[in-house]
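This report concerns only the one structure given below.
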Amino acid sequence: NGSEQFGPGYRFDFFPSVGIGWNLSSEKFFHIDWMNKLKFRYSLGYVGDDRVNAPRWLYTTRYSYGGASRLVDNISSTSPYLWYKELAVGNPDIHWEVARKRDIGVETGFFENKLKISFDYFIENRTDVFVTGTDRFIPNYFGATPVSANIGKVNVKGWELEAEFIKTTQKGFTFWLSHTWAFARDKIIYAGDPELRPDYQKKEGYPINQRRVTLQQGNQLF
């Protein structure tokens, strides 16, 4: 993949994926009358994300320029000499967010595929998560808005269960019923929180954008 969001050396990257499966029900030794499908599969892949949700050209420092204003005989005018000001500090190391996705799945079919049940368990490990400068904790003596950087880490785990029932009557009328159950939970592993900040105030260890309140019982904070 390629993206203009990143500078030379980071603009292009390679994100491979692979998947394997074994249809056990197609083997000669498989003989279960009421089950006509049993398939196992596994996939592993990498995905790159360039949606940094920030202004373009973050990898280069930007400047603004203009003429200095002056007041002569109570008349405001602009100096013919240009001055340059650092508008935003660039980070030449801005690069792709990377997600490693793994999935283990089972597909089953019963009674000539009238009843189908499939189950998937997935794990996603996101690294180099983009953190904007305003979300970073940099001391004020830095003197400018902190640079954005790929410093975050997030893990996601979950599962999905799908069941479907299909039947065709003797007159050719087909009806079906399906339902899906899904569950997923993400957890921030690293977000650049200050080390001395209390745990209940940190982003690390909690889901993304989880709302939290502080409860005090005696001298103990929760």
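The values are calculated or read from the model by the stated rules, or taken from the named source; none is laboratory data. None of the values given here were measured: they were computed from a predicted structure. So basically every Cβ, Gly included, is an ideal-geometry build from the backbone, and we count neighbours across all protein chains shown. Accessible surface is based on the protein model in full, side chains and every heavy atom, while ligands, DNA and RNA are left aside. Shrake-Rupley method; radii C 1.70, N 1.55, O 1.52, S 1.80 Å.
What dipole magnitude, in Debye to the nearest 20, does the range 1-160 give about its Cα centre under +1 on Lys/Arg Cβ and -1 on Asp/Glu Cβ?
That gives the range 1-160 a dipole magnitude of about 80 debye.
Using R₀ = 41 Å, calculate the FRET efficiency as 1/(1 + (r/R₀)^6) where r is the Cβ-Cβ separation of residue 193 and residue 115; round to 0.05.
Given R0 = 41 Å and the Cβ-Cβ separation, E is 0.25.
Got a sec? Which residues in the range 83-121 would a label at residue 177 touch, if it sits 7 Å along Cα→Cβ and we count backbone N under 20 Å?
Within reach of a label on residue 177, which here means backbone N under 20 Å from a point 7 Å along Cα→Cβ, the range 83-121 contributes 108-119.
On a full-extension model of 0.36 nm per residue, what is the gain between residue 43 and residue 184, subtracting their alpha-carbon distance, rounded to one decimal in nm?
49.0 nm
I'd like the FRET efficiency for residue 63 and residue 155, computed as 1/(1 + (r/R0)^6) with the beta carbon distance as r and R0 of 41 Å, rounded to 0.05.
0.55
Residue 206 to residue 11: FRET efficiency via 1/(1 + (r/R0)^6), r the Cβ-Cβ distance, R0 22 Å, to the nearest 0.05?
So, using R0 = 22 Å, E works out to roughly 0.05.
Give the shape of the chain as rounded, prolate or oblate, defined through the alpha-carbon gyration tensor: a ≥ b ≥ c are the square roots of its eigenvalues, a/c under 1.5 means rounded, and otherwise the shape is prolate if a/b is larger than b/c and oblate if not.
Prolate, since a/c reaches 1.5 and a/b exceeds b/c.
Roll a 1.4 angstrom probe over the protein heavy atoms and tell me the percent of accessible area of the range 91-177 that is carbon or sulfur.
Ligands and nucleic acids excluded, carbon and sulfur give 58 percent.
Hey, what's the chain come to in accessible area per residue, 1.4 Å probe, Å²?
That works out to 73 Å² per residue.
To make sure I understand the rule: partners must be aspartates and glutamates, Cα under 19 Å from the Cα of residue 167, and not fewer than 8 residues away in the same chain. Which ones qualify?
Within reach: 33, 107, 112.
Suppose the chain between residue 25 and residue 93 were pulled fully straight at 0.36 nm per residue; how much longer would it get relative to their current alpha carbon spacing?
19.5 nm
Under a plain spin-label model, where a point goes 7 Å from the Cα along Cα-to-Cβ, how far apart in nm are residue 168 and residue 132?
Going by the 7 Å Cα→Cβ label model, 5.4 nm.
Sort 137-144, 91-98, 10-17, 151-158 by the packing proxy (mean of other Cβ within 10 Å over each peptide's residues), most packed first.
91-98, 151-158, 10-17, 137-144
Given the options 134, 145, 174, which has the most mean-square fluctuation in a GNM of the chain, springs set between C-alpha atoms less than 10 angstrom apart?
The residue that fluctuates most here is 174.
So if each residue of separation counts as 0.36 nm, and I subtract the Cα-Cα distance between residue 144 and residue 35, what length gain in nm does that give?
The residue 144-residue 35 span can extend by a further 32.7 nm.
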